Structures are given as C-alpha cells and as structure tokens.
Amino acid sequence: EVQLVESGGGLVHTGGSLRLSCAASGLSFDDYAIAWFRQTPGKEREGISLINVDHGSTYYKDAVKGRFTISSDSAKNTVFLQMNSLKPEDTAVYYCGALSLKKVAPWDRARWYDYWGQGTQVTVSS
C-alpha cells in the first residue's frame with residue numbers, strides 16, 4: 001500500500017529554519033510528483049511547492065520562493081522541504097501529497113492528489 005509520512009515540524013522563531021521530510025513507500029517517483037501543501041484552520045489546503053523527479057522540475061508559490069527549497073533522495077524515496085527565513089505566516093500544518101503523472105491538473109489544487117500524509121505542525125513565533 002501507498003504511505004506518505006511527514007516529519008520535521010516544530011516550533012521556531014521568526015527567521016529560523018526547519019527541514020521537513022516526506023517518506024514515501026508503495027509508489028515510484030517515476031509515476032508520481034510530490035508536493036508540499038499547508039493548511040491553517042478554516043482555510044483550504046494550499047499548495048506551496050512540487051517536485052517532479054522524473055522530469056527534473058520544481059515549482060514554488062511566490063509566498064515561499066527564495067526561502068524554501070524542495071529536493072529529493074530517490075534512493076530513500078524521500079522528498080524534503082528546506083524552509084529558511086521562516087515567518088509567522090508560515091505557521092500551518094504541512095502535508096505532502098502524491099499526484100499521478102498521468103494527470104493533467106493544476107498542481108496546487110488538493111482535490112487532484114491521489115495520496116496524502118497525515119501532516120506535521122510548523123509553528124513560527126513572532
């Protein structure tokens with residue numbers, strides 16, 4: 001079965017850094033892109049970054065561009081999100097999702113994703 005497990009969240013001060021991990025099992029990066037989303041109470045789950053290992057491409061929303069870096073370790077079937085210069089508005093539950101490469105879909109819309117992890121809390125204090 002497919003499983004995505006996030007880790008690495010925590011509490012940091014403004015300007016600090018965290019590195020999130022998404023460990024994937026039961027799927028291949030040849031078949032799925034992996035994206036990071038975040039969600040705060042009462043708001044829609046928001047796509048912030050995606051990596052397509054098969055194509056060697058990455059995408060970022062403007063809100064995180066230049067501060068966050070998505071990467072992968074294919075040998076470990078893991079995707080990372082390095083988050084630097086964190087701001088209070090980055091506070092959210094962060095999820096990783098898997099999107100079939102067979103789909104033609106907007107990558108930043110949660111409804112299209114095939115699998116999800118359970119999330120990891122990131123809190124940035126002011």
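The values are calculated or read from the model by the stated rules, or taken from the named source; none is laboratory data. Remember, predicted model here, so these are calculated numbers, not experimental data. Just the protein is used for accessible areas: all its heavy atoms, side chains included, with ligands, DNA and RNA removed. Shrake-Rupley method; radii C 1.70, N 1.55, O 1.52, S 1.80 Å.
In a fully extended conformation the segment linking T58 and W112 would gain 17.7 nm over its present Cα-Cα distance, using 0.36 nm per residue. Remark: accessible surface ordering of D31, D90, D114 (largest first) is D31, D114, D90, probe radius 1.4 Å. Here's the list of aspartates and glutamates a cross-link from K102 could span, going by alpha-carbon distance under 14 Å and ignoring same-chain residues fewer than 8 apart: D30, D31, D54, D114.
Potential lengthening of the chain between K103 and S17 amounts to 27.6 nm, from the contour at 0.36 nm per residue minus the alpha-carbon distance.
Over the Cα atoms of the chain, Rg to Rh with Kirkwood Rh, two decimal places?
0.94
Sorting W112, W107 on solvent-accessible area from highest to lowest, probe radius 1.4 Å, gives W112, W107. For the chain, the solvent-accessible area with a 1.4 angstrom probe is 52 square angstrom per residue. Residues V53, V64, ordered by accessible area of protein heavy atoms at a 1.4 angstrom probe radius and largest first, appear as V53, V64. When nucleic acids and ligands are ignored and a 1.4 Å probe is applied, R109 ends up with an accessible area of around 120 Å².
Computed with every protein chain present, the accessible area of S100 is close to 20 Å² [probe 1.4 Å].
Taking only protein heavy atoms and a 1.4 Å probe, the accessible area of the chain is 47% carbon and sulfur.
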